Amino acid sequence: MKKNINIYIMIIAALAILLTATLCTMAYYRVFRQEVMTDLKVYTELLADASFTGDEETAKVYAKELSNEHIRMTLIDESGKVLFDNVAEVEALDNHSDRIEIEKALEYGTGSSVRKSNTINKTNFYYAIRLPDGGVVRTARETSSIYHMFANEIPIVAAIAFLLLVVCFVISNFLTRSILAPIKNMAYNMEEPENIKTYKELEPVISHIKEQHQNILKNANMRQEFTANISHELKTPLTSVSGYAELIENGMTNEQDTRKFAGEIHKNANRLLTLINDILRLSELDTTEYGEFEVENVDLYESVLNCIAMLEPAAEKHHVTLKASGKRTMIQANKDMIEELVYNLCDNAIHYNKPGGFVSIHVEDNRLTVEDSGIGISNENLSRIFERFYRVDKSRSKKTGGTGLGLAIVKHIVEIHGAKLAIESQPDVGTMISVKF
Ligand code: ADP
């Protein structure tokens, strides 16, 4: 990239130099031409005024003066025959009546013309005036052609170009370096992005990368913590299973104890299964984004009724009344996920309730509300209950078979459906959780 920027800047500089040199030469040549022509005009007018027609002696005097100025002077009669020339031999010159400036002078009184010389790098300027006797006096001057002038300039242009290119190279190097330095720096200083020296245009990029980097770190930490938690959660039931199995294996138990221990093994194995199911479910949801799962028209109210039917036995066991109200509400969602969400919320409302309490579920305006008259959640716990494995009362949760993952799953389902979750709770009074789709 740096090399490319350098090359571009050098090309632009080279083009600019070439263009400037060409335009300057053209402009200069125009002025130069005008000046040469004006000079010739003045000389010719002077000669014409002197009116030395036919007087070769006077002509010679003038001619000498003009030779010093490198000006050629020619005297022509009305037929075009050359009478006098201070540069060429008169005898060798042909009839001049076809020369443009002479033709014009014969017709209009004055005439001028610019012609290429026999040699490519010279140009001839001519100015002619008709004399009172009908002849014509003409002056001419040979100058460098525009190509020659340009060619003459080439060494100077090349020297300036070289200098400018060196300056451009240094500047472009400096610029690219100062543009790229913070980016390079950033790559090596990802851990402490505050220390990167930056400039205004790069700030949004850096702060975006900073944010991403912090998110990556946060995610990595969360994953690490999650793995540690999983190991810990699996360890407890597995230790029990292993302990009871060992007692039975050693033959140290009577038949009654053996049955009891087998029951414990069964219970802990079930708990392990539930845990593993929830963990798998969560990691599945972790990698799912909206659009990656099946979405259909789901009747939220019908999902609520299905869950109530499944949870009725648990509610009876806890002496809790389940009530549903509202009306059919169609939403675009994944049916299984919606039932999982409703089930988890109602399951919690039953388990963290009080005997004789109620759970009321209401569906209206794309909104699901689950309200209970349970133990409630204190303010400091309210923000944490959606974290994985977080439980307010560990022993109570475990007793009811909770894994601490239910609300984390709920939060995930809400997020990937683009829904909004709200929670209100008061200890000893109850909790209300609502999800707006
Ligand atoms: P668990 O499997 O322990 O129920 P959840 O993720 O579903 O895990 O809930 C996390 C914690 O939030 C629970 O352990 C409980 O302390 C608290 N909680 C959840 N729902 C309610 C509720 N309706 N009333 C009171 N506390 C609740």
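The values are calculated or read from the model by the stated rules, or taken from the named source; none is laboratory data. Predicted model only: the values in this text are computed from it and were never measured. In this analysis, Cβ positions are derived from the backbone assuming ideal geometry, glycine residues included, and neighbour counts consider all displayed protein chains. When the accessible area is computed, the model is the full protein with side chains, heavy atoms only, and any ligands, DNA or RNA have been set aside. Shrake-Rupley method; radii C 1.70, N 1.55, O 1.52, S 1.80 Å.
Taking the criterion of being in contact with a Lys or Arg (Cβ under 8 Å, 6 or more places away or on another chain) and open to solvent by less than 30 Å² (accessible area, probe 1.4 Å), the residues of the range 281-299 that qualify are LEU282, VAL298, ASP299.
Of the residues ASP98, ASP49, ASP77, ASP94, only one is acidic (Asp, Glu), open to solvent by less than 70 Å² (accessible area, probe 1.4 Å) and without any contact (Cβ under 8 Å) to a residue 60 or more places away in the chain; which? Even if it seems obvious, please write down each step before you answer.
Details: ASP98 fails: open to solvent by less than 70 Å² (accessible area, probe 1.4 Å); ASP49 fails: open to solvent by less than 70 Å² (accessible area, probe 1.4 Å); ASP94 fails: open to solvent by less than 70 Å² (accessible area, probe 1.4 Å).
Just one listed residue meets the conditions, ASP77.
Note on the range 1-17: residues that are surrounded by 14 or more Cβ atoms within 10 Å (Cβ to Cβ) and closer than 21 Å to ALA159 by Cα amount to 6.
Given the criteria surrounded by 15 or more Cβ atoms within 10 Å (Cβ to Cβ) and within 30 Å of ALA220 (Cα to Cα), does LEU272 qualify? Yes: the conditions hold for LEU272.
For ARG388, work out the one condition from (1) open to solvent by 10 Å² or more (accessible area, probe 1.4 Å); (2) over 22 Å from TYR290 (Cα atoms); (3) modelled with pLDDT under 95 it doesn't fulfil. That leaves (2) as the condition not met.
Within the range 405-437, restricting attention to residues that are surrounded by fewer than 17 Cβ atoms within 10 Å (Cβ to Cβ) and more than 28 Å from VAL298 (Cα to Cα), the residue that is nearest to the ligand (Cβ to nearest atom) is PRO427.
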